[in-house]
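Asks: Encoded as structure tokens, here's the structure I'll be asking about.
The values are calculated or read from the model by the stated rules, or taken from the named source; none is laboratory data. Please read these numbers as outputs of a predicted model, since none were measured by experiment. Note: ideal-geometry Cβ built from the backbone for every residue, glycine included; neighbour counts use all protein chains shown. Remember, those area values only see protein heavy atoms, side chains included, never the ligands or the DNA or RNA. Shrake-Rupley method; radii C 1.70, N 1.55, O 1.52, S 1.80 Å.
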Amino acid sequence: MNILNILLIVIIIALSGYCISQKLHQQGTDNGIQTYERLKIHVSNNDIMQYIRETAENFKPLMESKSIHFSIKCTPESMMGWIDIDIIDKIILLLLSDMVKNSNPDGKITMEAYTNKNYDHIIIRINDNAVELPNAGIIMVQQLTTMHRGTLQKEYYKQHGNMILLVFPISKRQFQEEHDEETAPDEETKPSAFHIPNNITLNIPKIELPAGYFTGKEPLGNLIQQAYNSTDQKFLQQAINCVKEHIDDSEYDREQFAADMGASASTLYNKLRALTGMNVTTFIRDIRIKTACQLAKDNPDLRVSDIAYRVGFRDPKYFATTFRKVTGMQPKEYINQLRIKN
């Protein structure tokens, strides 16, 4: 990570913090009284743990440049749940940027994410060994946390540092009353969605999903949300082509992906997040699974393990788990349906 990229990250953090504060000030106050009635949250089903990890890891280059030791632990490593990714983005950005600014050289920041025993809340705990965090940033985080129906606890221990504890609901039913007009009540039990717009032609395999596999009016067969212009379409097509060219390479990760795209890891992450709502790992995963579906369709006699290896999974069991998470059925079940149909 060169100095220009580090400076860019610092500028983005500063601008984001300013924009958040201005928006909250304009929308969240009325005659000096905090109001949230006009602010809406938009939850969607995501791999929360992967999302939190990738968002936080964007700070690693900046922390390394300041000799700050930074660690992230997610338990479990993968967990589907309902969150507003924009709000969670802002919360993580505000907290980590404040901690970086207040940290001393050779400081330490740790971040843990885990679920409660009922798997309907996510807990994020962030610790540092720096001076007490400024109230301005904490107030904005508190406002955002409240918007997301969450709670925030802050403690400062002299000579030990800050502790921030965030708790957020992640079950669809906990947001149902506010969003029941947008999504079906039983959607929480369905797997996460692909995100490909119907009005853009992309060179990727088609997938046949089970009958009735819909939410509202939109089909769960999409990989990329609406691309706004031809530049975005070209970027998405290039990204898809990069993944497809390495579809059988289990070691193909976001660093190599970013290099192939001629972008930094953070730039690739931000661009894909803006266009698709996905992080880099999920983007690669969904293309692998979509390709697996096409392989099964073209060659129904292939073994599940053969398909897994061809789309970059070294462990067929992990492939089966991932396949079910994305499509809603086991690979064998999907192949059997294809055979019956043929």
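Asks: Which of the residues belonging to the range 301-318 are in a loop (DSSP other than H, G, I, E, B) and either among the hydrophobic types (A, V, I, L, M, F, W, C) or open to solvent by less than 30 Å² (accessible area, probe 1.4 Å) (or both)? Steps first, answer last, please.
Replies: To start, the set of residues in the range 301-318 that are in a loop (DSSP other than H, G, I, E, B) comprises 301-303, 311-315.
Once the filter is applied, which keeps residues that are in a loop (DSSP other than H, G, I, E, B) and either among the hydrophobic types (A, V, I, L, M, F, W, C) or open to solvent by less than 30 Å² (accessible area, probe 1.4 Å) (or both), the range 301-318 yields Leu302, Val311, Gly312, Phe313.
Asks: In this structure, does Glu112 turn out to be on the phi < 0 side of the Ramachandran plot, touching a helix residue (DSSP H, G or I) at 6+ places or on another chain (Cβ under 7 Å) and either touching a residue at least 12 places away in the same chain (Cβ under 8 Å) or of a type in the set (D, E, K, R) (or both)?
Replies: No: the conditions fail for Glu112.
Asks: Would you check which residues across the range 319-342 are within 27 Å of Gly81 (Cβ to Cβ), assigned to a helix (DSSP H, G or I) and of a type in the set (S, T, N, Q) and list them?
Replies: Thr321, Thr322, Thr327, listed by residue number.
Asks: Could you list, ordered by first residue, the pairs with Cβ atoms under 9 Å in which the first is in the range 149-166 and on the phi > 0 side of the Ramachandran plot and of a type outside the set (Gly, Ala, Ser) and the second is surrounded by 15 or more Cβ atoms within 10 Å (Cβ to Cβ) and in a strand (DSSP E or B), at least 6 apart or interchain?
Replies: Arg149/Phe168; Arg149/Pro169
Asks: Among the numbered criteria (1) open to solvent by 10 Å² or more (accessible area, probe 1.4 Å); (2) out of contact with any strand residue (DSSP E or B) (no Cβ under 9 Å at 6 or more places or on another chain), which single criterion is violated by Arg285?
Replies: Tallying (1) open to solvent by 10 Å² or more (accessible area, probe 1.4 Å); (2) out of contact with any strand residue (DSSP E or B) (no Cβ under 9 Å at 6 or more places or on another chain), Arg285 fails exactly one: (2).
Asks: Right, here's the next one. For the range 80-132, which fully contained strands (runs of 3 or more DSSP E) count at least 1 residues that are in contact with a strand residue (DSSP E or B) (Cβ under 9 Å, 6 or more places away or on another chain), of a type in the set (A, V, I, L, M, F, W, C) and surrounded by fewer than 20 Cβ atoms within 10 Å (Cβ to Cβ)?
Replies: Counting at least 1 such residues, we get 80-83, 121-128.
Asks: Out of curiosity, is Asp248 in contact with a Lys or Arg (Cβ under 6 Å, 6 or more places away or on another chain) and touching a residue at least 60 places away in the same chain (Cβ under 8 Å)?
Replies: The answer is yes for Asp248.
Asks: Considering only residues that are within 28 Å of Pro105 (Cα to Cα) and among the aliphatic types (A, V, I, L, M), look in the range 41-63 and name the one that is surrounded by the fewest Cβ atoms within 10 Å (Cβ to Cβ).
Replies: Among them, the one singled out is Met63.
Asks: Still on this model: Go through the residues of the range 286-301 one by one and say whether even a single one is closer than 22 Å to Asp86 by Cβ and in contact (Cβ under 8 Å) with a residue 60 or more places away in the chain. Let's see the steps before the verdict.
Replies: Keep residues of the range 286-301 that are closer than 22 Å to Asp86 by Cβ, which gives 286.
Now drop any that are not in contact (Cβ under 8 Å) with a residue 60 or more places away in the chain, which leaves 286.
Yes, there is a match, as at least one residue in the range 286-301 is closer than 22 Å to Asp86 by Cβ and in contact (Cβ under 8 Å) with a residue 60 or more places away in the chain.
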